[in-house]
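Asks: This is the structure I want to talk about, given as structure tokens.
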Amino acid sequence: MQDTAPLKLFNSLTRQLETFEPVHPGEARVYSCGPTVYNYPHIGNMRAYVFADLLGRTLTWNGYKLTHVINITDVGHLTDDADAGEDKMEKMAAQKAQSIWDIAQHYTEAYWADIRALNIRQPAEWTVATDYVPQMIEFARSIADKHCYELDSGLYFDVASVADYGRLARAASDDEGEGRIEKVEGKRHAADFAIWRKTPPGETRQMEWDSPWGRGAPGWHLECSVMSGAVLGFPFDIHTGGIDHREIHHPNEIAQNQAFCCSGGLDVPANSGARLWMHNNFLVERSGKMSKSSGEFLRLQLLIDKGYHPLAYRMMCLQAHYRSELEFSWEGLGAALTRLKRLLAAARPLIDDVPEGATRAATAAVVTHPKLTPLLEKFDAALADDLNTAVALTVLEEAVAMKKVDAAQKAALVAAMMSVLGIALPAREDLRIRPKAAQMDEAAIEQAMERRKLARADKDFALSDAIRDELATKGVDVMDGDPLGWEWKLG
């Protein structure tokens, strides 16, 4: 293999592509903002973790020892970016008449189920916010004298006390974010934010702790600074999250990190706490069902209930660049499922399983055929170009279709590419479209299809058509002539 392309990633802080250079040679330390476990994640939320998983797999592909941390926010996140008002967790616990700890556990388990369904690798560590409250209090204590002031409602961070506040968001003024920040009497600047919120007099919260500033709970921004620094150390390599975090949450994290590390301005990106800040763009859905306030919002289980394998959604994400908006539609999801089926139908005769942790070096040592090495180079170059999965997917499909090459080498190349893209090899029948509301079970469908097959072999087309029509009345679409050989779907 020729000289490999250097891995270039887009840094939201500097607004440019940068060659990845690890803080610790041979290692890659990554922190991803995780969910607030007050409700089920919608599929737009899950795009962030498909992206973070792809980033981690690419770092592994490039030979780095990966330490990836994702946090679980079970306290401190309010119903918007306000500094006063309802805590999301407390609000849901009140609505459900359940313990806030039970709410957190239920929705954490649901999130982890979606992680598994999308073939997202487990991180090195899940950090849970409530496990780190003592460290949060110490962190706040260490910066309070120089960077904070106290009001009746809590301890507030003075954003004027650090250099270059808001550079990540490129905000022109404090007023830009003011619409998302509830005004609090006594704040010095509109953008100042609470790092400790006191429990209001006469109230009791299920999650509250004693602190030098009164009984209360940490602010959401404080949690991520503390957990990322505690596990990965400052500075670490990459901090990821959705683009919605780029405007307020991550600038506030950066300000806290600067204060804690006694570092200077952001002309040196490492002073932010991480060398690179990476953000995936939004998943756009035109009907308005992406909002959790809409009731039946678009969560992964809804896709599964409608008969779509979750890997179809992963494929949909891979078809677009992570920094581009991705529009969701059922037609688009169906097209992604068809593409996935075609890929897996061609790959299945080559490989039995997809290995975890494929690396470029190990693959290059095996794949030496003159027709295959250019594909390996193209695939590697696509990933090195800021994770260009749209191109990487087409190269994988080229590899699967390649003729007259060494079979073992082709299998090794295809398996490695699928490993990096996180495309598993589910059972063929799992990819059929089988909505939850279907009126026939699979065994009955298969029996009917076998009877129809025999009828067609006997040229009894009247019986064949009758069976097809009977299946149609029960929601089963017989796909005669289907090039993929799937034979039927439930529609």
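The values are calculated or read from the model by the stated rules, or taken from the named source; none is laboratory data. What you are looking at is a predicted structure, and each value in this text was computed from that prediction instead of being measured. Cβ: placed from backbone, ideal geometry, glycine included. Neighbour counts: every protein chain shown. For accessibility, only protein heavy atoms count, side chains too; no ligands or nucleic acids. Shrake-Rupley method; radii C 1.70, N 1.55, O 1.52, S 1.80 Å.
Asks: Name the residue, out of Arg116, Arg170, that is among the charged types (D, E, K, R), assigned to a helix (DSSP H, G or I) and within 29 Å of the chain's Cα centre (by Cα). So that I can check it myself, show each step before the final result.
Replies: Numbers: Arg170 fails: assigned to a helix (DSSP H, G or I).
Every option except Arg116 fails the conditions.
Asks: Open to solvent by less than 10 Å² (accessible area, probe 1.4 Å) and either at pLDDT below 95 or not in a loop (DSSP other than H, G, I, E, B) (or both), is that true of Ile143?
Replies: Criteria met by Ile143.
Asks: Follow-up question, since we're still on this one. Output the qualifying pairs, or none if there are none: Cβ atoms under 9 angstrom, residues six or more apart or on different chains, first residue in the range 344-369 and over 14 Å from Ala416 (Cβ atoms), second residue acidic (Asp, Glu) and part of a helix (DSSP H, G or I).
Replies: Correct list of pairs: Ala346/Glu397.
Asks: What pairs can you find where one residue is in the range 125-153 and farther than 26 Å from Leu66 by Cβ and of a type in the set (Ser, Thr, Tyr), the other is part of a helix (DSSP H, G or I) and open to solvent by 40 Å² or more (accessible area, probe 1.4 Å), and their Cβ atoms are less than 7 Å apart, with a gap of 6+ or different chains?
Replies: Listed by first residue and then by second, the contacts come to Ser142/Phe260.
Asks: Shifting gears a bit: What number of residues within the range 153-167 satisfy the criterion of being touching a Pro at 6+ places or on another chain (Cβ under 6 Å) and under 12 Å from Gln258 (Cα atoms)?
Replies: Total meeting the criteria: 0.
Asks: Restrict the check to the range 426-440 and report whether at least one residue is open to solvent by 60 Å² or more (accessible area, probe 1.4 Å), modelled with pLDDT of 80 or more and within 18 Å of Ala335 (Cα to Cα).
Replies: Taking every residue of the range 426-440 in turn, at least one turns out to be open to solvent by 60 Å² or more (accessible area, probe 1.4 Å), modelled with pLDDT of 80 or more and within 18 Å of Ala335 (Cα to Cα).
Asks: Answer with yes or no whether Glu247 is buried (at least 24 other Cβ atoms within 10 Å of the Cβ) and under 23 Å from the mean Cα position of the chain (by Cα).
Replies: On the way: buried (at least 24 other Cβ atoms within 10 Å of the Cβ): no; under 23 Å from the mean Cα position of the chain (by Cα): yes.
Answer is no for this residue.
Asks: Okay, moving on. Which one of these is modelled with pLDDT under 95, crowded, with 18+ Cβ neighbours inside 10 Å and either more than 27 Å from Val128 (Cα to Cα) or out of contact with any Lys or Arg (no Cβ under 7 Å at 6 or more places or on another chain) (or both): Met315, Met278, Met290? Write out each step before concluding.
Replies: Values: Met315 fails: modelled with pLDDT under 95; Met278 fails: modelled with pLDDT under 95.
Just a single option satisfies the conditions, and that option is Met290.
Asks: Any residue in the range 312-324 that's closer than 11 Å to Leu340 by Cα and basic (Lys, Arg): show its pairings with residues that are open to solvent by 10 Å² or more (accessible area, probe 1.4 Å) and in a helix (DSSP H, G or I) at Cβ separation under 7 Å, as long as the two are six or more apart or on different chains.
Replies: Cβ pairs passing all conditions: none.
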